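The structure appears right after this line, and notes come after that.
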């Protein structure tokens with residue numbers, strides 16, 4: 001019964017869907033707006049593809065420049081002996097050790113702060 005009433009309202013042009021079915025101007029307007037929407041989406045996709053293409057070309061230029069710089073550095077006299085490589089390798093190891101030591105020092109300071117906090121909470125026995 002409810003379906004019959006809904007169909008009758010549609011056929012008589014009541015409501016938005018009924019007006020769309022009965023009024024060809026409304027239908028034509030909807031079709032036009034849908035076509036505009038499709039064109040806008042296509043334009044947006046084209047613009048995105050263009051922007052992505054530009055970004056990729058920029059990245060390619062940067063990568064090429066970096067490769068050329070590395071190649072030039074590798075051809076330089078500084079890289080013709082193993083001594084330079086050994087020096088770089090030694091510096092890298094020292095830096096790695098420094099970073100590890102620094103991290104361990106931060107851990108120790110954090111542990112000390114926790115201990116001081118516990119001591120203060122216990123009545124200041126260890127607090128200085």
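The values are calculated or read from the model by the stated rules, or taken from the named source; none is laboratory data. Predicted, not measured: the structure shown is a model, and the values here were computed from it. When we count neighbours, we look across all protein chains shown, and the Cβ atoms used for this are built from the backbone with ideal geometry, even at glycine.
Things to note:
- In a residue-by-residue description of segment 69-81, the property of being touching a helix residue (DSSP H, G or I) at 6+ places or on another chain (Cβ under 8 Å) and on the phi > 0 side of the Ramachandran plot applies to no position.
- Members of segment 14-57 found to be modelled with pLDDT under 80 and exposed (fewer than 10 other Cβ atoms within 10 Å of the Cβ), listed by number: 16
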